[in-house]
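Asker: Below is a structure I'd like to ask you about.
Rule-based calculations on the coordinates, nothing more; no lab input. Being a predicted model, the structure only gives us computed values, none of them experimental. Here Cβ is always computed from backbone atoms with ideal geometry, including for glycine, and neighbour counts include all displayed protein chains.
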Amino acid sequence: MLALAPDMLADALPEPVSIIGATGALGFGLALRLARAGCTVTIGSRDAERAEQAADRVRDTVSGSLVTGLPNEAAAAGSELVVLSVPFFTQSETLHDLREALRPGQLVVDATVPLAAAVGGRATRTLGVWQGSAAQQAQELVPAGVTVLSALHTVSAAVLRDLDQELDEDVLLCGDKRDDKRRVAALVDAIGGLRCVDCGRLEMARITEGMTALMISINARYKTHAGVRITRLPDELWQAT
């Protein structure tokens, strides 16, 4: 069993977060990593029992972690920062079910990828989305005043779940407001070995989402779990402006 870092200071802890779909591979791995970083995590699932079982697994793995499992609606209502980690074919239904739970001022980080596998195609191909990207579709589906950002498309779920694996890669983040992206970056950067890179406005998600298919193709060929690293960036990426 792993434990929280002993020198973790309360005022340095990441912002609390709810992860919708955290019983899945990517969401659960993210919950594990954030819990180890000292973050208060709420795991959301359509099935309340599955959510609590996933929370138990995190608590069993990371001693002293603050993790709760709740139905999706309660999980989404419980945090100002929400991560959506569901398959593309359930994204629309999930957000429809959350319309009464989400409220103005919340940030939703969409990790959805429109892979062709959602309709029986190849995982190395993507589907065309009318709005331009899954994240832009999500922005149309959430209530007014809720802001969608896009991230986490190139991070391996298998590596996230294996806490013995060291991370050393970038997370490509898209969103329309710098301050919103700074909040998400602070959360992601709390996970050792991850660094958030500002990729521009939300419309850039049509490119970053497609990189999932690219990474699947690369990983299949080299039988690994590769990540993305952007070189020659300044040391400080998120200074206040």
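Asker: Which values, in whole Å and largest first, are the semi-axes of the equivalent ellipsoid of the chain obtained as the square root of 5 times each eigenvalue of the Cα gyration tensor?
Answerer: Values: eigenvalues 112, 91, 75 Å².
Working from the Cα gyration tensor, I get semi-axes of 24, 21, 19 Å.
Asker: Now a separate question. How many nm separate the modelled label positions at residue 125 and residue 60, each set 7 Å beyond the Cα in the direction of the Cβ?
Answerer: Here the answer is 4.0 nm between the modelled labels.
Asker: Can you give me the distance in nm between label points at residue 229 and residue 179, each placed 7 Å from the Cα along the Cα-to-Cβ direction?
Answerer: Here the modelled spin labels are 3.5 nm apart.
Asker: Please report how far the C-alpha centroid of region 29-57 lies from that of region 174-241, rounded to the nearest whole angstrom.
Answerer: Cα centres, region 29-57 to region 174-241: 22 Å.
Asker: Hey, can you rank 177-185, 122-130 by average C-beta count inside 10 Å, highest first? Intermediate values should be presented prior to the final figure.
Answerer: Working: 177-185: 17.9, 122-130: 14.3.
Highest-to-lowest ranking by the protection proxy: 177-185, 122-130.
Asker: What is the extension gain from residue 53 to residue 99, computed as 0.36 nm multiplied by their sequence separation minus the C-alpha to C-alpha distance, in nm to one decimal?
Answerer: On the way: separation 46, 0.36 × 46 = 16.56 nm, distance 2.52 nm.
Extra length available between residue 53 and residue 99 comes to 14.0 nm.
Asker: Taking θ as phi - 60°, what are the ³J(HN,Hα) couplings along region 14-24 by the Karplus curve (6.51, -1.76, 1.60), each to the nearest whole Hz, with x for Gly and Pro?
Answerer: x, 4, x, 9, 10, 10, 7, x, 7, 7, x
Asker: Moving on to the next point. Just how large is the dipole of region 13-222 about the Cα centre, in debye to the nearest 20, putting +1 at every Lys and Arg Cβ and -1 at every Asp and Glu Cβ?
Answerer: On the way: 20 positive and 26 negative charges, 72 e Å.
Value, rounded to 20: 340 debye.
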